[in-house]
Amino acid sequence: MAVKYKEIADRIEQEIRDGLFDKTKKLPTEDELIKKFEVRRNTIRKAITQLVNRGYIYQVQGSGMFLREKSVTDYINLGSLRGLTKDLASKRIDTKFLSLQIIEADKEKATQLSCEVGAKLYYVKRLRIVEQEPFSIEISYFKKDIVPYLNSDIATSSIYRYLIDDLKLNIGFADKVINCEKIDEATASLLQISPQDPALIIENTVCLTNGTIFEWSKSIFHYQKAKILNRINFK
C-alpha cells in the first residue's frame, strides 16, 4: 500500500497544477485538509512538507500555506525520488531501451546494495531523451527479491511509476553522490558529445521506508543540458 501522505501530496500537487488555488494563492488550512482527506494531522503535515520540498508552496507561521509565485521546474531535483518524468514534467521525455538482464551480484554490487555475493539483480540501461535530444544514460541495479519482475515495456516508460503504483513499494530515502568524469567513446556517442568531454554523474543508493536498500543506480548527464536543483528551507 502506498504511503498515505505521498498520495495526498500527489493529489494536492495535481490540484495546484489544475489551477484550483489560483484565485486565493494559498492552500486550505491544516484543519480543512484533515477533514477533506480524513487523516491525522501528522499525515497532513508530512504531505505539506512534500509540497514544500517539491517547490509548490511555502509556509508562513500563523498565516497559512501559500503557492509559490513561480515553481522552479525542469531541473533535476536532488530532493526528489520520483524520477525524471516528474522532475521534468513539462518536457517531452522518451526512453530508448538499451539493456535488461538478470545478473548475479559481484563483490562491488553486493557492497553497494548490501546483499550477498551472487544475489539476483536486475540490470537496466536506458538512454533518456528530452525534447528529442539525448539527456542522460541511466544504469540501474534492482534487487530481484524486492523488484521481482521487470520487462522492456516497463523499462521504456517510467520504472518508478511501476515501482510505486504497481508494486506498491514504499520508497523512503536515498543517498546521492555527485561528481564529474570524462566519458568514453561509447557513452559520448549515445549522448552525442565528444569523447573525453565531461559528464555530470549522480550515483543513487535508494532505500525503502524501512531502510532496506533496493536500488543502486548511476545517471550520466549531458553536461550542457542537465541542471541540478537543491531546495533549502530555513526554519
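Things worth noting here:
- Pairs from the table (120/182; 86/225; 46/227; 25/168) lying more than 24 angstrom apart at Cα are 120/182; 46/227; 25/168.
- Set of the range 207-227 residues, backbone N closer than 19 Å to the point 7 Å along the Cα-Cβ line of residue 99: 215-222
- The helix-based estimate of mean residue ellipticity at 222 nm for the chain, built from -39,500 (n - 2.57) per DSSP H run of four or more residues and divided by its residue count, is -6500 deg cm²/dmol to the nearest 500.
- Cα centroid of the range 152-211 to Cα centroid of the range 40-119, whole Å: 12
- Amide proton proximity set for residue 77, modelled H, under 5 Å, gap of 5+: 229
- Per-residue ³J(HN,Hα) for the range 186-202, Karplus 6.51 cos²θ - 1.76 cosθ + 1.60, θ = phi - 60°, Hz, x for Gly and Pro: 5, 5, 4, 5, 5, 8, 6, 10, 8, x, 6, 5, x, 9, 7, 10, 10
- With contacts taken as Cα pairs under 8 Å at a separation of at least 6 residues, the chain carries a relative contact order of 17 percent.
No value in this document is a laboratory result; all are computed from the given coordinates. It should be emphasised that the depicted structure is a prediction, and the values quoted were computed from it without experimental measurement. Here the Cβ is made from the backbone with ideal geometry for all residues, glycine too, and neighbour counts use every protein chain on show.
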